[in-house]
Amino acid sequence: MPKDAQNPRQPEEMGHNSDVVGTVEVPVLIEGKIMKKILTILWFISLSVMAAEREQRPDITINDVDTQELSAPLYQGEDGDDTLYIPGIPLYSSREKKWFRISVDYETRPDWIDRLTLEFYVLLPGREEEPILFKGEVSYVDIPEGRKHLAEMYMHFNSYERYYRRGKVRTAVLAKVDGEIVAIDDRNSLDDKWWENIPLHPCGLLNRLDTPFRVVNAGNYEAQDSCSWE
């Protein structure tokens, strides 16, 4: 019997086999193109999200940090009379009693920042061999965009007299938004985050609202945080 008669080739089977090849390869190509488009779209979306975050992220620049010794202010009116005079209580300012002040000049972008926290670190060359580290923290709200923002903290004259001896004072100022550090000024040191490796003195720096300087140039300072953020 001829071979063709023994194994007849059925046109239907050949056509069926062709279809199988087509149904396997064509969908794979289509799925690959779809996946490529999806990945491309996701990539563009991620770039857009990153750009939006960069635009919304507050930009803080610390321009200057200064330290000073200064006497308590004497408040007087335009005529030179003491405005805080109380009968029977003498009012005076002793030049021998020096407060310590650390102040910072900073600028902000974008238009408004809801809440900004500044951490101050002051390392005094103490009267003993070991230096002493003091920390203070203050938070401001509703900070407009600007190039001239001021903040400051103090050390009481008794503490300053007790712990400070002549020598170099090291400082660091950290600016934080939502707990994230957005700016650091540590121009007086080459050590990375040195303030994290020194024990803090239990008494911190004083908020300016807790000092007689609270009314001095009050319009130059932002509103301190008394908001409920819960």
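FYI, it's all coordinate maths here, none of it is from the lab. As the structure is a prediction and not an experimental result, all values here were calculated from the model. In this analysis, Cβ positions are derived from the backbone assuming ideal geometry, glycine residues included, and neighbour counts consider all displayed protein chains.
Within the range 107-200, the trypsin sites (Lys or Arg not before Pro) that combine a DSSP coil assignment with at most 15 other C-beta atoms in a 10 angstrom radius are Arg127, Arg165, Arg166, Lys168, Arg187, Lys193. Loop-located chymotrypsin sites (Phe, Trp or Tyr not before Pro) in the range 159-230 (DSSP state other than H, G, I, E, B) with a sparse environment of at most 15 neighbouring Cβ atoms within 10 Å: Trp229.
If R0 is taken as 45 Å, the Cβ-Cβ distance between Ile41 and Asp191 corresponds to a FRET efficiency of 0.45. Once the Cβ-Cβ distance between Asp142 and Asp66 is put in as r, and R0 is 22 Å, what FRET efficiency do you end up with, to the nearest 0.05? Efficiency at R0 = 22 Å is approximately 0.30. Using the Cβ-Cβ distance between Glu161 and Asp111 with R0 = 45 Å, the FRET efficiency computed as 1/(1 + (r/R0)^6) comes to roughly 0.55. Could you sort out which of Lys97/Lys148; Lys135/Lys193; Lys97/Lys193; Lys98/Lys148; Lys98/Lys193; Lys168/Lys193 sit more than 21 Å apart by Cα distance in this structure? Exceeds cut-off: Lys97/Lys148; Lys97/Lys193; Lys98/Lys148; Lys98/Lys193. Can you give me the convex hull volume of the Cα atoms of the range 140-230, divided per residue and expressed in Å³? So the per-residue hull volume is 170 Å³. The stretch between Cys203 and Glu129, if pulled fully straight at 0.36 nm per residue, gains 24.7 nm over its current Cα-Cα span. A crude spin-label estimate for the pair Ile184 and Ser228, with each label 7 Å from Cα along the Cβ direction, gives 3.6 nm.
Restricting the range 104-158 to GluC sites (Glu not before Pro) that sit in a DSSP loop and have at most 14 other Cβ atoms within 10 Å of their own Cβ leaves Glu128, Glu129.
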